[in-house]
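Worksheet: the structure to be examined is printed underneath.
The values are calculated or read from the model by the stated rules, or taken from the named source; none is laboratory data. The model shown is predicted, which means the values in this text are computed figures rather than measured ones. So basically every Cβ, Gly included, is an ideal-geometry build from the backbone, and we count neighbours across all protein chains shown. For accessibility, only protein heavy atoms count, side chains too; no ligands or nucleic acids. Shrake-Rupley method; radii C 1.70, N 1.55, O 1.52, S 1.80 Å.
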Amino acid sequence: MDFDALFNKQLDQLKDDGNYRYFAELERDCGKFPKAANHGTDGVRDVTVWCSNDYLGMGQHPKVIAAMCEAVARTGTGAGGTRNISGTNHDHLLLEAELADLHGKEAALLFTSGYVSNWAALSTLGSRLENCVILSDAGNHASMIEGIRHSRAQKVIWNHNDVADLEAKLAALPANVPKIVAFESVYSMDGDIAPIRQIVEVAEKYGAMTYLDEVHAVGMYGPRGGGVAEQEGLMDRITLIEGTLGKAFGVVGGYITGSAALCDFIRSFASGFIFTTALPPAVAAAARTSIAHLKESDAERMGQRSQVARLRAALDRQGIPHMENDSHIVPVLIKDPVKTRMLADYLMAEWDIYVQPINYPTVPKGTERLRFTPSPLHTDADIDYLVSALATLWKQCAIAHAVA
């Protein structure tokens with residue numbers, strides 16, 4: 001059987017639909033974020049990156065770099081294996097203590113990525129708690145969906161950010177079964193923020209555990225960067241808070257925080273933790289430095305918010321439609337996969353601006369977009385240049401303007 005022919009048939013269909021993903025070859029230039037070197041067929045040139053999840057530029061912060069270099073010199077490059085066998089390092093425990101403190105919890109547990117932490121925690125909770133029912137927001141990330149599916153627990157999907165629908169579905173369940181309400185704080189594609197207080201109140205009313213994914217919020221919100229739950233004074237009322245080290249903290253890895261018993265339960269039963277090589281100690285040391293810095297410094301958050309507001313105002317002046325939200329994510333809707341890809345290609349080729357097109361299945365068909373994430377290190381000139389490029393391409397590609 002010609003397996004490559006089978007593969008290529010489906011790949012060709014992706015291309016025909018405008019949903020095939022092309023990766024730009026980028027090389028981050030330390031100290032020059034958001035600039036990067038683009039390696040292309042015509043050589044190497046500098047571009048400005050507009051879609052990084054290194055939201056605050058902490059991946060190139062001097063203190064974070066110094067911490068990683070010091071730890072490499074002190075411990076070497078690898079963890080030595082799984083945490084179970086040979087890979088629990090002092091730096092892991094220091095980082096877990098830092099994370100528990102960040103979220104006001106008794107304990108924390110590290111994973112190799114935010115995807116793995118969601119997948120492992122939800123699959124373990126759903127499979128180990130007898131007759132468990134997981135109530136999942138319709139907008140939840142693929143990692144949460146996969147974890148719930150793998151758990152084989154009963155799944156109930158409630159309408160996105162619809163507290164009344166959540167309550168109706170909780171009320172319909174038997175009172176004596178374990179229930180987990182799983183949701184995110186900041187949803188990465190639309191940038192909308194969950195009504196956390198109302199969700200928590202409904203969950204408490206029906207005795208449900210709350211599972212909050214704060215991956216796009218940690219470092220970004222709250223007086224110490226603990227996320228939207230910290231900003232709203234709700235961390236103590238949420239059972240499990242999950243986050244990432246790979247976005248605002250600028251490194252890599254995922255984690256959960258909660259009670260000592262909860263974290264020990266996941267540590268003891270989650271295959272995604274037990275059988276995975278641990279994060280390198282140097283990564284843990286760098287992450288701990290980044291978290292500690294953002295607990296004390298608000299300058300990065302304030303600078304980032306200022307640039308988000310500036311970009312939104314400039315888009316409004318040009319009549320370029322963008323989705324309104326209260327977060328740091330600025331989605332510019334195109335609503336056509338081919339045009340979205342074309343605009344991204346033009347921005348890169350003609351304007352040295354890199355933004356990845358967001359098409360199906362990441363977002364529903366008909367909602368294709370360019371997703372911009374301004375950082376405190378994007379200058380006013382960067383923003384003006386981006387909006388000028390978009391305004392020019394909007395006319396060339398005959399895309400509808402926003403209605404005044």
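Just one of the numbered conditions (1) more than 30 Å from MET189 (Cβ to Cβ); (2) open to solvent by less than 90 Å² (accessible area, probe 1.4 Å); (3) over 25 Å from the mean Cα position of the chain (by Cα) is not true of VAL44; which one?
VAL44 satisfies all of (1) more than 30 Å from MET189 (Cβ to Cβ); (2) open to solvent by less than 90 Å² (accessible area, probe 1.4 Å); (3) over 25 Å from the mean Cα position of the chain (by Cα) except (2).
Would you mind finding the one in ASP380, ASP345, ASP336 that is open to solvent by 50 Å² or more (accessible area, probe 1.4 Å), closer than 15 Å to ARG310 by Cβ and more than 23 Å from the chain's Cα centre (by Cα)?
So the residue among ASP380, ASP345, ASP336 that is open to solvent by 50 Å² or more (accessible area, probe 1.4 Å), closer than 15 Å to ARG310 by Cβ and more than 23 Å from the chain's Cα centre (by Cα) is ASP380.
Can you give me the number of residues within the range 90-110 that are assigned to a loop (DSSP other than H, G, I, E, B) and either among the β-branched types (Val, Ile, Thr) or open to solvent by less than 40 Å² (accessible area, probe 1.4 Å) (or both)?
Keep residues of the range 90-110 that are assigned to a loop (DSSP other than H, G, I, E, B), which gives 104-106.
Remaining after also requiring either among the β-branched types (Val, Ile, Thr) or open to solvent by less than 40 Å² (accessible area, probe 1.4 Å) (or both): 105.
Counting residues in the range 90-110 that are assigned to a loop (DSSP other than H, G, I, E, B) and either among the β-branched types (Val, Ile, Thr) or open to solvent by less than 40 Å² (accessible area, probe 1.4 Å) (or both) gives 1.
So which residues in the range 41-76 are farther than 15 Å from HIS378 by Cα, touching a residue at least 24 places away in the same chain (Cβ under 8 Å), outside any helix (DSSP H, G or I) and acidic (Asp, Glu)?
The answer is none; no residue qualifies.
Here are the criteria: (1) in a helix (DSSP H, G or I); (2) open to solvent by 10 Å² or more (accessible area, probe 1.4 Å); (3) of a type in the set (Val, Ile, Thr); (4) touching a Leu at 6+ places or on another chain (Cβ under 8 Å). Tell me which single one ILE148 does not satisfy.
(2)
Restricting to the range 262-278, and then to whatever is farther than 17 Å from GLU242 by Cβ and in contact with a strand residue (DSSP E or B) (Cβ under 9 Å, 6 or more places away or on another chain), can you tell me which residue is most open to solvent (accessible area, probe 1.4 Å)?
Top of the filtered list is PHE275.
What pairs come up if the first residue lies in the range 323-347 and is in contact (Cβ under 8 Å) with a residue 12 or more places away in the chain and at positive phi, the second is open to solvent by 60 Å² or more (accessible area, probe 1.4 Å) and not in a helix (DSSP H, G or I), and their beta carbons are under 9 Å apart, counting only those six or more places apart or on different chains?
Qualifying pairs under 9 Å: LYS335/ALA400.
One line per residue, one yes/no per condition, for (1) of a type outside the set (D, E, K, R); (2) part of a loop (DSSP other than H, G, I, E, B); (3) under 30 Å from MET302 (Cα atoms):
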{"position": "GLU324", "(1), (2), (3)": "no, yes, yes"}
{"position": "VAL332", "(1), (2), (3)": "yes, no, yes"}
{"position": "VAL338", "(1), (2), (3)": "yes, no, no"}
{"position": "ARG341", "(1), (2), (3)": "no, no, no"}
{"position": "PRO361", "(1), (2), (3)": "yes, yes, no"}
{"position": "ARG371", "(1), (2), (3)": "no, no, yes"}
{"position": "SER375", "(1), (2), (3)": "yes, yes, yes"}
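Looking only at the range 115-135, which residues are in a helix (DSSP H, G or I) and either out of contact with any helix residue (DSSP H, G or I) (no Cβ under 7 Å at 6 or more places or on another chain) or of a type in the set (A, V, I, L, M) (or both)?
Those that are in a helix (DSSP H, G or I) and either out of contact with any helix residue (DSSP H, G or I) (no Cβ under 7 Å at 6 or more places or on another chain) or of a type in the set (A, V, I, L, M) (or both): VAL116, SER117, ALA120, ALA121, LEU122, LEU125.
Evaluate the range 128-136: report whether one residue or more is out of contact with any strand residue (DSSP E or B) (no Cβ under 9 Å at 6 or more places or on another chain) and open to solvent by 40 Å² or more (accessible area, probe 1.4 Å).
So far as the range 128-136 goes, yes, one or more of its residues are out of contact with any strand residue (DSSP E or B) (no Cβ under 9 Å at 6 or more places or on another chain) and open to solvent by 40 Å² or more (accessible area, probe 1.4 Å).
In the set GLY233, GLY272, GLY250, GLY207, which member is within 17 Å of TYR55 (Cβ to Cβ), outside any strand (DSSP E or B) and not aliphatic (A, V, I, L, M)?
One residue alone meets the criteria, GLY250.
Kindly indicate which of ILE157, ILE199 is among the β-branched types (Val, Ile, Thr), farther than 19 Å from ALA120 by Cβ and either assigned to a loop (DSSP other than H, G, I, E, B) or open to solvent by less than 30 Å² (accessible area, probe 1.4 Å) (or both).
Of ILE157, ILE199, the one residue that is among the β-branched types (Val, Ile, Thr), farther than 19 Å from ALA120 by Cβ and either assigned to a loop (DSSP other than H, G, I, E, B) or open to solvent by less than 30 Å² (accessible area, probe 1.4 Å) (or both) is ILE199.
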